[in-house]
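To start, the structure itself, in structure tokens.
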Amino acid sequence: MKPRRAYILWLALCLLALLSLYQYVYLQNINLPKWRGSNSHHRGRLRNVSILLWHWPFRRAYPLQGDVCLNMYSIPHCFITDDRSLFDQADVVVFHHHELQISSQKLPLHLPRPPSQKWVWLSLEPPAVNRDLTKINHLFNLTMSYRRDADIPMPYGRMVPRPQRIDPHGEKKPLHSFVVPWENHTCLASWVVSNFKRHHRRSHVYLELRKHIPINVYGAANKKRLATDQLLPTVGRCHFYLAFENSVSRDYITEKLWRNSFQAANVPVVLGPPRSNYEAFVPRDSFIHVDDFGSAKELGSFLKRLAANRTHYESYFRWREKYDVHVPSDWRERLCHICKRYNELPPFKVYHDLHGWAKKE
């Protein structure tokens, strides 16, 4: 009897283990979107992650047909949709703050929310623009922002290593060389500004600086608008670009540096957070900071001397030997980036004081 009783006990334990395994796999996949095909059995880094964008930022939508994340950004097992009927199946739901702030969109508080679903608060605006958030405290699990301390950091741009090759002497060299466009620079400095307000610090600096050097100004502020395809070629003809931020906040370094200057191949003159904050993102010898000078006159004199010294000027491009600049193409890339971070995100987190976090300078 004892051997038979032991066999029955062993069989029962095996059945219990199989049942537990089935329940675990089922619960792991029950919330995966039904519209995503046969890959939903993957786990860990291969597990499909479904992201619902509740509303498009600034009402500008992009196509989402096909496997966008894989086809456009080589990010597998990551699926994004703006179909609200799939709310109960989404792992992540993203809400852009601007539309919540102006009340053009509302949170789906009337819908039953799956316990494991994560809500992401998204904003690439500085604290001064994000007004009162107290009404949405206690609702969001994750933050997505240009700030480094966000759960999903999404800066306006970043430096990426350049492809390397090994030369005959065994040394690493850039696969493609970068040539400083010295001969193409036919003006000293340029600035593109659409929001010109005299009380902004950047406006004061510009008004003083233009007394000492010529500055080509474009944008809605002076009705010299540039078409999108003309922006980089136009500002790229100048030695310097005034990458002046409209708000001075920690980590708030926008496309003014990444696109209008670095991608245009000129030297940025920056006004924003302190130099040490810029150096957390880019090499210290890749830019000129307004705060390094005692006056606009002193800054203007330095820029004129630098533009006349080719060797010194080209030293501001040495970083190009090792790095390229990447600027996210559009909101789809930012959403797909969530999947790259998904397995590192905290499983249980709620922002009970989202207002306090978002308003930190």
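Computed from the coordinates by the stated procedures, all read-outs in this text should not be read as laboratory data. Keep in mind it's a predicted model, so treat the numbers as computed, not measured. Here the Cβ is made from the backbone with ideal geometry for all residues, glycine too, and neighbour counts use every protein chain on show.
The residues 191, 319, when put in order of fewest to most other Cβ atoms within 10 Å, stand as 319, 191.
Rounded, prolate or oblate: which one fits region 158-326, using the alpha carbon gyration tensor with axes a ≥ b ≥ c (rounded when a/c is under 1.5, else prolate when a/b beats b/c, else oblate)? Prolate, since a/c reaches 1.5 and a/b exceeds b/c. Residues whose amide H lies under 5 Å from that of residue 200, counting only those 5 or more places away or on a different chain, are absent; hydrogens are built 1.01 Å from N in the peptide plane.
Answer rounded, prolate or oblate for region 66-156, using the Cα gyration tensor with square roots of eigenvalues a ≥ b ≥ c: rounded when a/c is under 1.5, else prolate when a/b is larger than b/c, else oblate. It comes out oblate by the Cα gyration axes. Pairs with C-alpha atoms separated by more than 27 Å, drawn from the list 197/256; 256/349; 211/359; 211/360, are 256/349; 211/359; 211/360.
Over all other residues within a Cβ to Cβ distance under 10 Å of residue 97, the charged ones net out to -1, with Lys and Arg as +1 and Asp and Glu as -1. Using the Cβ-Cβ distance between residue 71 and residue 158 with R0 set to 25 Å, the FRET efficiency from 1/(1 + (r/R0)^6) comes to roughly 0.70. On the basis of the beta-carbon distance and an R0 of 30 Å, residue 129 and residue 212 show a calculated FRET efficiency of 0.40.
Summing +1 for each Lys or Arg and -1 for each Asp or Glu among the other residues whose beta-carbon sits under 11 angstrom from that of residue 296 gives +1. The H on the amide N of residue 216, modeled in the peptide plane, is under 5 Å from the matching H of 189, 190, 191, each at least 5 residues off or on a different chain.
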